[in-house]
Structures are given as structure tokens and as C-alpha cells.
1. From the set of residues in the stretch 103-117 that are out of contact with any Phe, Trp or Tyr (no Cβ under 6 Å at 6 or more places or on another chain) and in a helix (DSSP H, G or I), which is nearest to residue 161 (Cα to Cα)?
2. Which one of these is under 17 Å from residue 13 (Cβ atoms), over 15 Å from the mean Cα position of the chain (by Cα) and basic (Lys, Arg): 142, 163, 154?
3. May I ask you to say which residue of 108, 71, 58 is closer than 23 Å to residue 5 by Cβ, out of contact with any His (no Cβ under 9 Å at 6 or more places or on another chain) and open to solvent by 20 Å² or more (accessible area, probe 1.4 Å)?
4. Do we have residue 121 as in contact (Cβ under 8 Å) with a residue 60 or more places away in the chain, open to solvent by less than 60 Å² (accessible area, probe 1.4 Å) and closer than 26 Å to residue 180 by Cα here?
5. How many residues are on the phi > 0 side of the Ramachandran plot and either surrounded by 12 or more Cβ atoms within 10 Å (Cβ to Cβ) or touching a Gly at 6+ places or on another chain (Cβ under 6 Å) (or both) if we restrict to the stretch 31-55?
6. Conditions: (1) farther than 15 Å from residue 106 by Cα; (2) under 15 Å from the mean Cα position of the chain (by Cα). Residue 39 meets all but one. Number of the miss?
7. For the stretch 156-182, what are the residues that are free of Cβ contacts under 8 Å to residues at least 40 places away in the same chain, in a loop (DSSP other than H, G, I, E, B), open to solvent by 50 Å² or more (accessible area, probe 1.4 Å) and over 18 Å from residue 102 (Cβ atoms)?
Amino acid sequence: MLKGVGKTTLIQKASEVLKSSGVPVDGFYTEEVRQGGRRIGFDVVTLSGTRGPLSRVGLEPPPGKRECRVGQYVVDMTSFEQLALPVLRNADCSSGPGQRVCVIDEIGKMELFSQPFIQAVRQTLSTPGTIILGTIPVPKGKPLALVEEIRNRKDVKVFNVTKENRNHLLPDIVTCVQSSRK
């Protein structure tokens, strides 16, 4: 999916619709951080409202840690893992009958610097009763192994979001998730 077409907004709306229909939903999304009209990075925001940095322009990596960089953005791996990993692990050990939805926005280059995140996503994908509502990038350049693995799974439905179709996809996505829960 391309940047700026409304994936995060779409996933937030789908989460709200699912929650209001009684579906247990947990997870996180990424949000642009702007300063003076310029994007300076991204935050991770959990559905319970906790927020922390995912990446920033010009961030220095902690001493002794390798720098994880995507373009001008340096990834704050510690912050990302502290927010994202507990949410994914909660999805694995959810109590009670019925299926739940785990929102992962997004599974992309920045997030894939984290091996524990990759393991947690694979674990969540294989957890019975958990449906992932996530976003993955459009393939360009070198393929991202986990993204291609997800894209090629038989139990995954991929919607290509564009500026033209984003306003019409919400009912399809919600219906798809609800029918997967049966």
C-alpha cells in the first residue's frame, strides 16, 4: 500500500466499527509526527491510547546499539518494542471464548528491524481465534521476507488501498473480518 492514501485512517475506522459491534479489538497503529508542517517521524499508538516514538529524523541510536535507519528516519527500537510487543503477546493469550482482532499498522521496513516483533507477528498469525487486521507495504525494491510470507498465506485477504477506493473499502474490510470470526 502506498504512503498517504489513508491506510491508517481506514484501519482506525474498521477498529471502531468492530469494537462497537462487540468484537474484542487490540493492537497499534502508526501516526505521522509533524513539526511546523514538516514530517519529523512516526509514533506508535496503541488502541488503549499509549503513545511512543517509532522513528525520528536525526535521532541518535543509544550507545552500543546498531542504527536502524529508513531514509532520513532513525528507528527507536526500544520504544517500539515496549509498545508493540505486549499488545501482540496479549493477543496470543487472550482469555475467553470467541475470536479477537489484533490491529498491526504496519508491518513494514521500520518495524521489521525488530526480530522479537517478527516472531510475535508469526506467533499471532498462527494463534487460533486471533484475526490480524494489518497493513503491509506495496512491494518495491528488495522484497521484505515477512511481508511476502504474509501476502502469500492462504488465510490472508489483501485489500489494495488507493485514494480512489479508500472510502468504499470500509464495509468490505469489516465484513471480511466478521465473516472470518465465524
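1. If we filter the stretch 103-117 for residues that are out of contact with any Phe, Trp or Tyr (no Cβ under 6 Å at 6 or more places or on another chain), which is where we start, we get 103-104, 106-110, 112-117.
In the following step, the residues that additionally are in a helix (DSSP H, G or I) were identified as 112-113, 115-117.
Values: 112: 21, 113: 25, 115: 27, 116: 28, 117: 24 Å.
Per the criteria, the residue is 112.
2. On the way: 142 fails: under 17 Å from residue 13 (Cβ atoms); 154 fails: under 17 Å from residue 13 (Cβ atoms).
Only one candidate passes the filter, namely 163.
3. 71
4. Taking the combined requirement at face value, the residue does not satisfy it.
5. Final tally of qualifying residues: 1.
6. Residue 39 satisfies every listed condition except (2).
7. Residue satisfying the conditions is 164 alone.
A quick yes/no check of all residues on (1) closer than 25 Å to residue 32 by Cβ; (2) among the acidic types (Asp, Glu); (3) in a helix (DSSP H, G or I):
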residue	(1), (2), (3)
119	no, no, yes
128	no, no, no
136	yes, no, no
139	yes, no, no
147	yes, no, yes
154	no, no, no
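The values are calculated or read from the model by the stated rules, or taken from the named source; none is laboratory data. Keep in mind the model is a prediction, meaning the values are calculated, not measured. FYI the Cβ positions are ideal-geometry reconstructions off the backbone, even for glycines, and counts take in every protein chain you see. Just the protein is used for accessible areas: all its heavy atoms, side chains included, with ligands, DNA and RNA removed. Shrake-Rupley method; radii C 1.70, N 1.55, O 1.52, S 1.80 Å.
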